[in-house]
Amino acid sequence: MEHWDLYDAERKPLGRTHLRGEKFEEGEFYVCCEVWVMNSKGEFLTTQRHPAKKAGGQWEFVGGGTLAGETTAESAVRELFEETGIVTLESELKKIATYAHKNYFQDIYLLKKDVEIGDLVLCPDETVSAKWANGEEIRGMIEAGEFVYSVGLRFGMYGDLVRRTERFAVLSDVHGNHPAFVKVLEDAKRRGIDQLIIAGDYCLSGAWPNDCIETLKGISKKRIIRGNEERYLENLIGKDQSTWTDGQMQISYWNYRNIEKENLDYILALPHTVEFECNGVKIHVAHSSDAFIGEYEFAHFGPGIIAKKYENIQATKVIVNKDIQNILNADADFHERMASLEEGVYVFGHSHVQWAYKDSPKGILLINPGSCGLPLDAIKNSLPYTILTITEDGDVSVEEIRVPFTMADYVEEIRKTTQYAEAHVWSEVIFKELLTAREHLTFFLQFADQYALEIGDEKRPFTVETWEKAYDEWSKRENGCCGFMKN
């Protein structure tokens with residue numbers, strides 16, 4: 001028989017005990033415990049009540065009454081062992097809340113522990129099954145009536161108090177480069193990261209856009225948006241394909257024809273921006289930094305400027321990062337733009353240049369992970385992405401990653417595809433970018449426009465003839481690696 005210590009409404013001991021099952025007198029309260037066991041994946045251990053018990057067959061967390069002479073922490077250790085076989089110490093428990101209801105006070109404890117379900121030893125009179133479930137799954141069980149009502153009520157009240165250090169792989173601008181996309185995802189997985197933030201642009205330039213979207217759809221934990229390239233495909237919907245005869249837009253036409261409709265619908269349905277909160281930190285995601293700091297990035301260290309600055313320099317991440325930080329630290333205009341932002345993390349891509357900037361006093365962190373599919377920050381044969389870490393206390397930090405990748409092999413694979421056959425000029429320009437990690441397309445488009453004007457061709461998009469002749473002429477005049485023209 002269980003005896004519980006009795007308390008008054010202010011949780012002061014009354015100096016007497018209560019036999020479980022007997023009626024409580026007015027003003028008598030007892031104490032009990034509940035243990036939320038959370039693993040490193042952020043999942044909670046749930047157990048299924050024995051069918052013979054009240055609310056039999058429903059799911060709950062481990063818990064029970066605190067015996068006379070016990071503290072709630074001591075009873076939590078005992079209940080956990082009795083119901084699951086898990087051995088723990090009081091020092092491993094963290095009290096997160098006290099739930100006062102009717103005639104009891106229930107202390108809720110958090111235990112962070114990785115345990116295999118197969119290693120549990122369930123009490124046959126108490127529990128018949130156990131499983132790990134994340135917060136979303138638990139809320140689904142609550143809505144479906146599969147969770148003990150009072151336990152679900154407490155989870156709804158206090159679930160947001162449970163925090164763990166969260167890590168996100170932040171990437172952007174995949175641009176149809178499926179081999180690179182997979183390589184980055186594998187690297188993140190190897191580091192134990194399964195949450196992703198992706199800032200758009202999944203198509204155009206690489207020859208496997210459909211595969212990229214399929215892989216994107218298969219990622220379970222993601223915060224993703226669309227980029228600017230998707231609009232080129234959106235603009236083609238419902239158009240007469242017999243009119244697609246120009247040269248300039250062949251890359252868009254090829255992508256439109258080679259992306260399955262359901263996949264195109266999927267990326268076009270993505271939001272342009274996303275905001276969410278993690279451990280009290282607000283995270284904002286948009287495709288371009290223009291959404292946060294205006295037209296600043298491209299004017300100071302965009303890919304065109306990077307290409308010119310490092311034309312004759314063997315760039316490294318250390319060199320590029322130092323130069324960007326020097327610009328940002330010294331620029332009053334930049335800091336004025338930062339002053340308009342609220343505290344939080346701001347994620348964007350678009351420029352294909354990896355960088356980050358943290359203003360600790362203001363609690364602002366800017367992150368551009370670069371382009372994992374088409375990097376243009378002058379650092380060759382590597383794929384950039386960034387790891388964002390947010391601790392339980394809301395401290396944020398970043399680690400910039402470069403995954404080795406042989407661009408020459410990737411270029412040769414594209415040459416074998418129908419993209420190369422149907423969008424030859426675009427592909428060749430992109431090859432130059434892939435092999436040098438420097439901007440070329442902007443320089444070529446500027447040259448093509450100048451060339452067309454010189455020959456009296458004002459038609460836009462460029463005709464096939466003008467497009468191809470402009471490329472041939474540009475290739476002859478190209479000086480160095482950045483698309484600059486000889487006089």
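Within segment 302-340, restricting attention to residues that are of a type in the set (A, V, I, L, M, F, W, C) and more than 18 Å from residue 365 (Cα to Cα), which residue is farthest from the chain's Cα centre (by Cα)?
Going through the qualifying residues, I end up with 313.
Across segment 367-394, which residue is nearest to residue 42 (Cα to Cα) among those that are surrounded by fewer than 22 Cβ atoms within 10 Å (Cβ to Cβ) and within 15 Å of the chain's Cα centre (by Cα)?
389
Restricting to strands (runs of 3 or more DSSP E) lying wholly in segment 1-108: which have 1 or more residues that are charged (D, E, K, R)?
Those strands (runs of 3 or more DSSP E) span 3-7, 13-19, 30-38, 44-49, 93-101.
Give all pairs with beta carbons closer than 8 Å in which a residue from segment 391-409 that is closer than 20 Å to residue 185 by Cα meets a residue that is loosely packed, with under 13 Cβ neighbours inside 10 Å; count only pairs at least 6 apart in sequence or on separate chains.
Hits for this filter: zero, empty list.
When you scan segment 316-330, do you find a residue that is touching a residue at least 60 places away in the same chain (Cβ under 8 Å), in contact with a helix residue (DSSP H, G or I) (Cβ under 8 Å, 6 or more places away or on another chain), farther than 30 Å from residue 253 by Cβ and hydrophobic (A, V, I, L, M, F, W, C), even just one?
No, segment 316-330 contains no residue that is touching a residue at least 60 places away in the same chain (Cβ under 8 Å), in contact with a helix residue (DSSP H, G or I) (Cβ under 8 Å, 6 or more places away or on another chain), farther than 30 Å from residue 253 by Cβ and hydrophobic (A, V, I, L, M, F, W, C).
How about segment 109-140: which of its residues are assigned to a loop (DSSP other than H, G, I, E, B), at pLDDT 95 or above and in contact with a helix residue (DSSP H, G or I) (Cβ under 6 Å, 6 or more places away or on another chain)?
120 - this is the single residue of segment 109-140 that is assigned to a loop (DSSP other than H, G, I, E, B), at pLDDT 95 or above and in contact with a helix residue (DSSP H, G or I) (Cβ under 6 Å, 6 or more places away or on another chain).
Looking at 164, 78, 139, 154, which one is farther than 21 Å from residue 47 by Cα and basic (Lys, Arg)?
None of the others qualify; the one that does is 164.
Of all strands (runs of 3 or more DSSP E) completely enclosed by segment 160-229, which ones contain at least 3 residues that are surrounded by 20 or more Cβ atoms within 10 Å (Cβ to Cβ), at pLDDT 95 or above and not acidic (Asp, Glu)?
166-171, 195-198
Considering only segment 409-443, state which residues are closer than 15 Å to residue 371 by Cβ and in contact with a Leu (Cβ under 8 Å, 6 or more places away or on another chain).
Result: 410, 430, 433, 434, 437, 438, 439.
Do we have any residue at all in segment 6-15 that's over 35 Å from the mean Cα position of the chain (by Cα), in contact (Cβ under 8 Å) with a residue 40 or more places away in the chain and buried (at least 17 other Cβ atoms within 10 Å of the Cβ)?
Among the residues of segment 6-15, at least one is over 35 Å from the mean Cα position of the chain (by Cα), in contact (Cβ under 8 Å) with a residue 40 or more places away in the chain and buried (at least 17 other Cβ atoms within 10 Å of the Cβ), which makes the answer yes.
The values are calculated or read from the model by the stated rules, or taken from the named source; none is laboratory data. Just so we're clear, the structure is a prediction, and the values are computed from it rather than from any experiment. Positions of Cβ are backbone-derived with ideal geometry, glycine not excepted, and every protein chain shown enters the neighbour counts.
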